[in-house]
Amino acid sequence: MNTEQIFQERIMGIYPQGVFFDSVKTENNNKVASLSSVIPKVIFDDKHDKRVVKFLKINDIGKITIDRENKFVFETKPEQIRERINQSLIDIQMRSEQIVLSVVYDRLVKIAMVRTTLNPIFNVLKAVYEKKLTKDSLLRYPKRERYERYIKFLCDLDILREQKDRYSEGNLFIQVEKALNNEDEEKVINRVFGLTIKEGKTYLLNNLNINVLKPFIRISNVYYSCSALFNKLLYIRKENLYSRYLNAYDINTNFVNFQSYLNQLNIAKILHEDDYVYGNKSVFEKINELILKKVPISH
């Protein structure tokens, strides 16, 4: 039995399906096999009754080492392999979420639930744009401590800048103003508001406990990551997208809430819905390009 066969039989005997070795090298007279894994993803287009299978490749999840007598001297434990695969899948999901957010952030501000929850931040941005946010005026704000936290958050993002007696536009705010030269106030503030969501998502979720963003980002991610794997806009029955959403995030959101989120995504032109749910072409093209670069798809 040659070296490759020894490794192959051992892998098949102790590791989950999909684990394989993709390289063997010599270290200190030992043979070392580097382990990787492929995870199948079945993608359906309900309208056209089509199905494709794509594989996510996860590299460097462990190794097996044999000596000159073909005896095993080291092997990554199967439970470690499973943990690394699971963590890699979580990392891929988070990466694709960030990609989706980077494309749709300026559309999220059109979602009523997002706008209402984050309205204090919008009010701060508006006051700064209108040169009205002084430190004296802040003393008269209701729930002032909450506004102070938001302002610190915006300063940390370089969206606002603290001065001696007031707060003014930071570098990111100024860049938006220059890019939207001569545009009206609402468009400028909406763009900066969207940029705040994009750049500050992690802080908003983890520190300010603003979870209203999660379902919109997650549903969008489920749809667009599947479409990117399929490499075209999918047409998915609403019930099937709901099922994929629950499975992807292991949650128990009821269908009525899901429908409400979907309605808001439709209003924001992030997703569309008639007989099927389908994506926005320009959004898809941007997301697809980024996902294909950053998500490890094995063909």
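Here is the figure for region 51-81: residues that are closer than 30 Å to L241 by Cα, in contact (Cβ under 8 Å) with a residue 60 or more places away in the chain and either touching an Asp or Glu at 6+ places or on another chain (Cβ under 8 Å) or not hydrophobic (A, V, I, L, M, F, W, C) (or both) total 3. Where helices (runs of 4 or more DSSP H) fall entirely within region 203-289, those with at least 1 residues that are over 27 Å from V53 (Cβ atoms) and either touching a Ser or Thr at 6+ places or on another chain (Cβ under 9 Å) or assigned by TED's automatic domain parsing to the domain that holds P40 (or both) are at 213-230, 255-267. Put simply, of T134, T117 the only residue that is at pLDDT below 90 and either β-branched (V, I, T) or surrounded by fewer than 17 Cβ atoms within 10 Å (Cβ to Cβ) (or both) is T117. Going through (1) crowded, with 16+ Cβ neighbours inside 10 Å; (2) within 19 Å of the chain's Cα centre (by Cα); (3) touching a residue at least 12 places away in the same chain (Cβ under 8 Å) one by one, N280 falls short only on (3). Could you tell me which numbered condition L160 fails, if it satisfies all but one of (1) modelled with pLDDT under 95; (2) under 31 Å from the mean Cα position of the chain (by Cα)? If we test L160 against (1) modelled with pLDDT under 95; (2) under 31 Å from the mean Cα position of the chain (by Cα), just (1) comes out false. Of the residues examined, T196 is not one that is loosely packed, with under 15 Cβ neighbours inside 10 Å, of a type in the set (S, T, Y) and under 20 Å from the mean Cα position of the chain (by Cα). When the criteria are applied in full, I43 meets the requirement of being in contact with a Leu (Cβ under 6 Å, 6 or more places away or on another chain) and surrounded by 13 or more Cβ atoms within 10 Å (Cβ to Cβ). A single member of L265, L229, L213 is touching a strand residue (DSSP E or B) at 6+ places or on another chain (Cβ under 8 Å) and at pLDDT below 90, and it is L229.
What about K201, is it surrounded by fewer than 18 Cβ atoms within 10 Å (Cβ to Cβ) and basic (K, R)? So K201 does not fit the description; no.
Counting only residues that are more than 30 Å from F230 (Cα to Cα) and at pLDDT below 90, how many does region 42-67 have? The number of residues fulfilling the criteria is 0.
When you look at I90, is it surrounded by 15 or more Cβ atoms within 10 Å (Cβ to Cβ) and not hydroxyl-bearing (S, T, Y), yes or no? The answer is no for I90.
The values are calculated or read from the model by the stated rules, or taken from the named source; none is laboratory data. All values reported here derive from a predicted model rather than from experimental measurement. Methodologically, a virtual Cβ is constructed for each residue, glycine included, from the backbone with ideal geometry; neighbour enumeration extends over all protein chains shown.
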